[in-house]
Amino acid sequence: MKIAILGGTGDQGFGLALRFARNHDVIIGSRKKEKAEEASDKVKEILSSKGIDCKNIIGLDNKDAAKEGDVVIVSLPFEYTIPTLKELKEELKDKIVVSIGVPLATAIGDKPVRVVHPPQGSVAEMVQECLKDSKVVSAFHNVCSKVLEDINNPVECDILICGNDEEAKKIVAELAEEIEGVRGIDCGKLELSKYMEQITPLLIQLNIKYKLKGAAIKITGLEK
């Protein structure tokens with residue numbers, strides 16, 4: 001499977017690229033192709049230094065990355081999400097689009113422990129409204145980029161997943177569970193994404209308060 005990560009040069013997208021490159025072709029997207037190529041070379045270098053075989057990794061601009069990906073992960077800053085996706089509607093038509101965005105108040109110069117409230121209810125619903133012909137799934141909000149980048153260790157975290165397309169959610173859950181230590185949990189319709197997104201500022205606050213490497217969410221009492 002080809003996994004494209006729009007904004008894959010950022011911390012979260014880069015961490016996901018490191019994790020998925022073991023089993024899939026990964027396309028790192030960026031506004032500038034050169035920056036994406038630098039990130040893809042860095043992924044290769046890191047994995048090779050650990051003796052890890054990886055699939056093909058390339059860097060492209062966001063438009064070409066969106067065109068090439070089978071599953072497309074949107075790892076863009078909140079304020080750039082819709083301006084970028086408006087230009088990619090045709091490339092993303094009929095594809096699974098994974099929204100990992102959180103509407104952190106840093107977008108308006110405020111603190112990362114607060115959120116702004118999209119009128120659609122969540123970033124994921126905002127993305128679905130923009131990409132009416134795509135299958136939008138909401139996931140990967142509550143896993144720390146530093147933990148993703150620490151490829152020597154498993155990711156002890158449940159990945160909460162929302163979406164309106166059952167098959168798309170299943171595919172994203174299966175991808176999530178390829179990451180060692182992760183469970184993918186179907187949490188229901190896309191409209192519930194707002195609750196998942198708003199957990200992230202709480203985790204950021206816990207990391208700051210207790211000097212944690214990466215606080216995470218685990219759902220107890222659920223047998224999978």
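Computed quantities for the displayed model
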read-out	value
The range 49-107, residues that are among the basic types (Lys, Arg) and at pLDDT 95 or above	Lys63, Lys67, Lys86, Lys89, Lys93, Lys95
Residues that are assigned to a loop (DSSP other than H, G, I, E, B), in contact (Cβ under 8 Å) with a residue 60 or more places away in the chain and surrounded by fewer than 21 Cβ atoms within 10 Å (Cβ to Cβ), drawn from the range 118-146	Gly121
In the range 174-194, the residues that are in contact (Cβ under 8 Å) with a residue 12 or more places away in the chain, of a type in the set (D, E, K, R) and either crowded, with 19+ Cβ neighbours inside 10 Å or in a helix (DSSP H, G or I) (or both)	Glu191, Lys194
In the range 105-133, the residues that are of a type in the set (Asp, Glu) and more than 19 Å from the chain's Cα centre (by Cα)	Asp110, Asp133
Pair list, Cβ < 7 Å and 6+ apart or interchain, from the range 195-224 residues that are over 13 Å from Asn142 (Cβ atoms) to residues that are part of a loop (DSSP other than H, G, I, E, B) and basic (Lys, Arg)	none
Qualifying position, being over 15 Å from the mean Cα position of the chain (by Cα) and in a helix (DSSP H, G or I), among Ile151, Ile217, Ile204, Ile171	Ile204
Members of the range 69-95 found to be among the charged types (D, E, K, R) and buried (at least 17 other Cβ atoms within 10 Å of the Cβ), listed by number	Glu91, Lys95
The range 154-168: number of residues that are more than 19 Å from Ala215 (Cα to Cα) and not in a loop (DSSP other than H, G, I, E, B)	5
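The values are calculated or read from the model by the stated rules, or taken from the named source; none is laboratory data. Everything numeric here is computed off the predicted structure, so don't read it as measured data. Glycine also receives a Cβ, built like all others from the backbone with ideal geometry; neighbour counts cover every protein chain displayed.
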